[in-house]
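Okay, so here's the structure we're looking at.
Every number here is computed from the coordinates shown, using simple stated rules; none is lab data. What you are looking at is a predicted structure, and each value in this text was computed from that prediction instead of being measured. Backbone-built Cβ (ideal geometry, glycine too); neighbour counts: all protein chains shown.
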Amino acid sequence: MEDLAMAAAIGTLFGMGVFQMLRRDLVKAAMGFALLFNAVNLFILSTGAYRGASAPYTTNLADGKATSDPLVQALILTAIVVSFGSYALLLAMVNLVSRRFNRIDSDEVKELIN
Amino acid sequence: MANNMFLLGIVFLPLVGAVLTVLLSPIVRNNDMTDLIVNPLQRWVAFAANLAAWACSMVVLRQALDSGTQVYAMGGWTPPFGIVLVADSLSALFGVMATTVTMLATLYMAQCWDKCVNYPAFVTLALTMSAGLFGSFYTGDIFSFFVFMELMVLSSVTLVAISDDRLGLEAAFKYLFISGTGTLLLLLGIAAIYATFGTLNLAHVAEQLQALEGERPLLARSAAVMLVSAFLLKSAVFPFHFWQPDFHTTAPTPIHAVLSSVVVKVGIYAIIRLMTLWFTEEAAIIGQLVMILGVIGIFFGSFSALRTNNGKRLLAYSTIGQIGFILVGIGWWGMHKNELALAAAIIYAFNHAFVKSALLMVMGLVSSRNSLKSAVLRPHDNPTVPPPIIGIGTEIPPIIGWLWLLGGMALAGVPPMNGFISKLGIVQSGAAVGDWLVVFLAVSSGVLSLSYVFRTWQSVFQQKREKDNAPEDGDKPKFYVKSFGDSTLAPTLLISICVVLGLYAQPLVEAATRTVTLLQDPNVYINAVKLFGG
């Protein structure tokens with residue numbers, strides 16, 4: 001059941017993220033970026049966190065209980081920091097772009113075409 | 001085996017330098033002293049840090065070639081549990097390329113008067129970018145590869161966004177989106193690898209893949225697809241190339257020199273690593289893919305460089321073409337297991353870095369004497385576009401023109417420059433595998449690169465400057481940004497490296513050949529890391 005809910009959550013987030021990211025509104029596109037990163041983080045979580053019900057303490061390991069994998073959570077922690085950093089940078093740049101161009105439609109931000 | 005401290009130094013020293021430059025910036029603020037003391041001091045700290053990293057990387061290269069793979073286990077955690085830095089000869093060669101170019105780019109930065117270099121964060125970001133760059137060449141763990149790569153990408157995006165060129169913001173924004181997509185692919189691939197093998201250590205994954213003997217678990221092949229596309233995107237290979245000319249052209253010159261010559265090689269390095277260490281069974285398919293993409297890239301790059309109207313953009317397009325040559329070499333190795341082809345690709349990657357960064361610095365020297373530091377090549381009537389750089393070369397020291405000429409010869413592969421050696425290697429390996437069509441296409445595009453480099457040389461360094469070039473006061477827009485005092489030392493050093501590598505290519509060729517012999521057997525890498533764990 002947990003697996004199914006997890007898969008549904010990852011799939012929904014991916015779908016929403018891709019849809020938002022392809023929008024012309026730059027703010028919505030940036031939100032899509034954040035959603036996609038969350039989808040990937042959940043995917044990483046799903047690769048190990050539900051291998052066992054109990055926490056990975058040494059006593060549990062000694063008893064031979066199936067424990068969840070602690071490494072994936074450390075991995076996501078790093079991935080969250082990285083994605084949060086890029087999201088903040090992206091929003092800062094959306095802010096600058098909107099001030100310079102007075103609009104946030106990606107079709108109208110096209111000074112680079114030469 | 002003991003930890004190799006030099007290996008740590010390559011990644012750690014730029015980070016130390018970054019912290020020092022941050023600490024330096026608040027000493028004096030909003031004061032004339034900032035311009036006089038703090039900014040130059042920051043730049044020289046950056047140069048010192050990169051110089052130290054360069055020295056360390058040379059030592060590591062020597063050790064890796066003489067006594068085999070070097071390992072550093074972070075925090076004393078032995079592999080496969082901890083994160084390791086590994087320098088086999090491939091990492092060491094690419095690392096020396098990266099540190100040399102970055103060190104000389106910081107030297108250029110130390111003496112250039114681009115406005116954005118004076119921002120307090122600029123030097124710090126340049127140092128974190130080089131730390132991420134060196135780290136991604138030396139790391140032995142796929143997840144820390146991702147972290148180093150993101151460090152590099154985010155720093156370079158910020159550096160381009162604060163560039164003197166006002167288009168930098170838009171280009172950086174565009175790149176951040178595209179690179180973010182690539183990062184997602186990379187992260188998905190890493191997660192798939194972790195789900196399948198339960199480890200992230202390169203050598204440990206390789207060991208388990210080898211034990212499967214060609215049988216592949218469900219997620220392994222999709223992981224390969226995601227990783228390869230992410231690396232192709234980061235190297236700006238043909239179908240994913242569209243961000244590269246914009247992003248590189250608008251970057252400040254010292255950063256452009258690093259981006260266009262070394263940063264694009266990170267993906268190349270990762271693809272070589274993937275094909276030789278992990279997916280040896282699939283090397284033929286990946287090889288075929290990258291060879292076709294490489295040939296398209298060679299042509300796309302050369303023709304776009306011919307028709308573009310901007311000097312820096314010309315060099316950025318030319319990078320797409322040169323990356324194509326490297327991919328063709330890798331592809332031939334994957335398809336035919338021809339050792340010469342992979343050695344030629346490595347030599348090509350090594351040589352191209354010096355040529356391209358030297359040419360970019362020369363173009364930066366020329367264009368920073370133009371209004372708005374623009375490198376527009378041809379005359380035009382558009383008042384909103386800065387004047388062309390025609391004839392600026394006749395008003396500056398003639399050595400800059402000769403540097404451009406020598407660099408252009410190296411780019412096109414004219415002896416005695418090092419470009420000749422790399423093109424010769426590609427042609428020889430093409431003859432060995434009998435792929436004459438691709439050899440013909442590659443050589444003919446070499447002629448194209450000769451034509452665009454010499455055409456630029458003629459118009460910039462030979463023609464007379466048009467007198468009405470300088471906009472008058474009044475209703476014409478003001479283009480002039482104060483710019484003077486750029487250094488010619490760094491490009492001169494880079495071009496002399498090119499000449500030396502062209503005349504005395506034997507050590508490089510021998511190192512590359514030995515590297516390929518070691519790469520043929522993934523066990524060399526696996527055992528080195530495994531033995532270190534004890």
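Shielding by partners for peptide A:32-43, expressed as the average number of C-beta atoms from other protein chains within 10 Å of each residue's C-beta, is 3. Counting only other chain Cβ atoms within 10 Å of each residue's Cβ, the peptide A:79-92 averages 4.
Legend: helices of chain B (whole DSSP H runs) are marked when their alpha-carbon atoms reach 27 angstrom or more along the helix axis and their mean Kyte-Doolittle hydropathy is at least 0.5; marked are B:39-67, B:89-111, B:120-138, B:142-161, B:168-197, B:283-307, B:311-336, B:339-367, B:436-461.
Net charge of the neighbourhood of B:Val153, taken over other residues with C-beta under 15 Å away and scored Lys/Arg +1, Asp/Glu -1, is +2.
The local environment of B:Asn527, defined by Cβ-Cβ distances under 14 Å, has a net charge of -2 under the rule Lys, Arg +1 and Asp, Glu -1. Rounded to a whole number of µm²/s, how large is the Stokes-Einstein D of the protein assembly as shown at 10 °C and 1.306 mPa s, given Rh as the Kirkwood radius over C-alpha pairs? Diffusion coefficient, whole number: 63 µm²/s. For B:His256, neighbours were defined as the other residues whose beta-carbon sits under 11 Å from its Cβ, and their charges (Lys and Arg +1, Asp and Glu -1) total +1.
With 32 Å as the limit, the listed pairs A:Lys28/B:Lys373; A:Lys110/B:Lys115; A:Lys28/B:Lys356 have A:Lys28/B:Lys373; A:Lys28/B:Lys356 beyond it between alpha carbons. FRET efficiency for B:Val509 and A:Arg99, Cβ-Cβ distance as r, R0 = 56 Å, nearest 0.05? Efficiency, rounded to the nearest 0.05: 0.55. Across A:Thr58, A:Thr12, A:Thr78, mean-square fluctuation computed from a Gaussian network of chain A (C-alpha pairs under 10 Å connected) peaks at A:Thr58. Distance between the C-alpha centres of segment B:349-388 and segment B:188-221: 45 Å, rounded to the whole angstrom.
Taking all Cα-Cα distances within segment B:248-344, those exceeding 23 Å account for 30%. Legend: mean number of C-beta atoms from other chains within 10 angstrom of residue C-beta atoms, peptide B:140-148, equals 2.
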